[in-house]
Amino acid sequence: MMRVFALALLCALLPAAAGAVLPSERLADPALEARARVISQDLRCQVCQNQSIDDSNASLAADLRRLVRERLTAGDSNEAVLAYVTQRYGDYVLLRPPLRNDTILLWYGPFGLLAAGLVGAAIYIRRRRPRPASEIAALSAEEEQRLAKLLAPEERK
């Protein structure tokens, strides 16, 4: 049974490893194609959001893949290609944006939200905890009389 499950899982993952690069997009030079695949893994598809252009089937992703390959065949370095694409589309096109003052919220914002949630949960739990009997104030004489009256069996008429 486990072998069948493992085989099914492997078959399900194989298409994901292949990516969305069409055979017509591939470069003839294997070294340039490998560089293009590395760069494509670092670029975000603007349509699919958190999917690389290497894995996306969107037409914009295909255009970006072609642009990357054109820049590589023109002789650009990997860094130059990434700089060119970033200049055209902004830092959002990068799956791992650079750590700068204007992107610090992207990097550390989730941790801040998690910390605030944990603090809020701790405060909520602390307030819900029942107080020990020593912290509860004793009843006044008037309150004790009223309580006794409420708890006393009713007089029958």
Query raised in the report: Given the Cα-Cα distance of Thr103 and Arg126 and 0.36 nm per residue of separation, how much length would full extension add, in nm?
Result: 4.8 nm
Report task. Can you pull the one-decimal nm distance between simple spin-label points at Glu70 and Gln49, each 7 Å off the Cα toward Cβ? Result -> 2.9
Query raised in the report: Using the alpha-carbon centroid of each, what span in Å lies between the stretch 35-66 and the stretch 108-147?
Result: 51
Report summary line: Interchain or sequence-distant (5+) residues whose placed amide H lies within less than 5 Å of the amide H of Ser52 are Cys45
Report task. Please work out the average accessible area per residue across the stretch 102-151, using the 1.4 Å probe convention, and give it in Å². Result -> 100
**Report entry** Debye log10 I(q)/I(0) for the stretch 52-157, one point scatterer per Cα, at q = 0.20, 0.21, 0.23, 0.24 Å⁻¹
**Finding:** -1.09, -1.14, -1.22, -1.25
Query raised in the report: So what are the radius of gyration and Dmax for the Cα set of the stretch 102-151, in Å?
Result: 22.6, 69
Report task. Please identify which residues in the stretch 85-111 have an amide N closer than 11 Å to a label point set 7 Å out from the Cα of Ala58, following the Cα→Cβ vector. Result -> 93
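The values are calculated or read from the model by the stated rules, or taken from the named source; none is laboratory data. The structure displayed is predicted, hence computed values, not measured ones. A quick note on method: Cβ atoms are made from the backbone with ideal geometry, for glycine too, and the neighbour counts reach across all protein chains shown. Accessible surface is based on the protein model in full, side chains and every heavy atom, while ligands, DNA and RNA are left aside. Shrake-Rupley method; radii C 1.70, N 1.55, O 1.52, S 1.80 Å.
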